[in-house]
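Read through the structure below, which is laid out as structure tokens, and then see the notes.
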Amino acid sequence: MKLASITFYPVKSTAGHEVAEAEVQPWGLAGDRRYLITDEHDKVLTARTEPRLLACVARLDGDALTLTGPHAGPLTVVPTAMLSVVNVGRTPVKLTDCGDAAAEWLSGLAGHPVRLKWLDDPTRRPVNPAYGRPEDRVSLADAYPLLLTTTASLARLNDWIAEGALERGEEPPAPLPMRRFRPNVEIGGVAEPFAEDHWKRVRIGEVDFRVTKGCDRCVLTTVDPDTYTKGKEPLRTLAKHRRWEGKVWFGINLIPDAPGRIAQGDPVIAL
């Protein structure tokens, strides 16, 4: 098995982009999901309800964050010193506001007033204690530092989707791309689809990770990242083949044992 791709998302629920290598920090890939978008009342907004956010591409050059989108010219973000408490999941977290220019730029994209917030101190947010250790931390990702998927599992899922379409007398749709699932690391060369369900630990290059739990999937996977429209897949097919505990599952969540670097092509070993 090998590391097929690395993707990171500087701003939660905006477009991701691939990188050839990345630094793994205790709370996730360096720079991954350190920013998020809120409404005027500091409620977190995501592409689940605001699909247009996927039109924003955020890139980091050192500590400088630049936003690009279809509605305005590029903007380099300059955080302020103003802190506010935002509920990220079930955890209140102090975040730094990124100023009026970033708010105006993103509000133009979203079509209503929003603010950009920055997690200046990534040690503030603990991992769910039911699945992590007291010292484990996570950035602004949904729950855990990294999300892993496999090429083999996506291929099987796309086969199921095509089979379901034929059973309904429909034309099989184009295969879903992996970016629907927004993983940080995609693993190629896995012998069996969904083999990752049974992994307890995994080594990517020289970095060891603990597997916390499978990733239960939400409506965001049904949003086409190119058109920002919602459909029924993949949740309809996952509900048929991958449903238990009242949820549907695709991918696994990871916590790194220690910092390190990973790169495309690195060997991957399930421990």
| said: If I filter the stretch 157-164 for residues that are at pLDDT 95 or above and within 18 Å of residue 65 (Cβ to Cβ), do I get at least one hit? | reply: no
| Leading residue by the ranking (surrounded by the most Cβ atoms within 10 Å (Cβ to Cβ)) among those in the stretch 5-31 that are in contact with a Ser or Thr (Cβ under 6 Å, 6 or more places away or on another chain) and outside any loop (DSSP other than H, G, I, E, B) | 28
| Selection within the stretch 157-176 - touching a residue at least 12 places away in the same chain (Cβ under 8 Å), assigned to a loop (DSSP other than H, G, I, E, B) and within 23 Å of the chain's Cα centre (by Cα) | 175, 176
| said: All but one of (1) exposed (fewer than 15 other Cβ atoms within 10 Å of the Cβ); (2) without any contact (Cβ under 8 Å) to a residue 40 or more places away in the chain; (3) of a type in the set (Asp, Glu) hold for residue 206; state the number of the condition that does not hold. | reply: (2)
| If you scan the stretch 32-66, which residues turn out to be exposed (fewer than 14 other Cβ atoms within 10 Å of the Cβ) and outside any strand (DSSP E or B)? | 40, 41, 43, 49, 62, 63
| query | Among the listed residues 191, 263, 258, 195, which satisfies the condition of being surrounded by fewer than 14 Cβ atoms within 10 Å (Cβ to Cβ), aliphatic (A, V, I, L, M), touching a helix residue (DSSP H, G or I) at 6+ places or on another chain (Cβ under 8 Å) and more than 19 Å from residue 161 (Cα to Cα)? | reply | 191
| query | Of the residues 96, 91, which is closer than 24 Å to residue 37 by Cβ, at pLDDT below 95 and β-branched (Val, Ile, Thr)? | reply | 91
| Out of all the residues in the stretch 111-124, is one or more of a type in the set (D, E, K, R), under 21 Å from residue 29 (Cα atoms) and surrounded by 20 or more Cβ atoms within 10 Å (Cβ to Cβ)? | yes
| Filter pass, residue 216 being free of Cβ contacts under 8 Å to residues at least 60 places away in the same chain, over 16 Å from residue 5 (Cβ atoms), crowded, with 17+ Cβ neighbours inside 10 Å and not β-branched (Val, Ile, Thr) | yes
| note | Considering only strands (runs of 3 or more DSSP E) wholly within the stretch 78-144, the ones with at least 2 residues that are free of Cβ contacts under 8 Å to residues at least 40 places away in the same chain and in contact with a Gly (Cβ under 8 Å, 6 or more places away or on another chain) are none
| query | Residues of the stretch 155-188 being in contact with a helix residue (DSSP H, G or I) (Cβ under 8 Å, 6 or more places away or on another chain) and at positive phi, which ones? | reply | 182
| Looking at (1) closer than 24 Å to residue 28 by Cα; (2) out of contact with any Ser or Thr (no Cβ under 7 Å at 6 or more places or on another chain), which is the only condition residue 264 fails? | (2)
| Top-ranked residue of the stretch 238-268 - restricted to ones that are among the small types (Gly, Ala, Ser) and assigned to a loop (DSSP other than H, G, I, E, B), ranked as farthest from residue 159 (Cα to Cα) | 258
| task | Among what's in the stretch 134-156 and is charged (D, E, K, R) and modelled with pLDDT of 95 or more, pick the residue that is nearest to residue 188 (Cα to Cα). | result | 156
| request: Check 213, 200 and return the single one that is within 18 Å of the chain's Cα centre (by Cα) and among the charged types (D, E, K, R). | output: 213
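The values are calculated or read from the model by the stated rules, or taken from the named source; none is laboratory data. Note that the coordinates shown come from a computational prediction; the quantities given were computed from them, not determined experimentally. Every residue, glycine among them, receives a Cβ derived from its backbone with ideal geometry; neighbour counts consider all protein chains shown.
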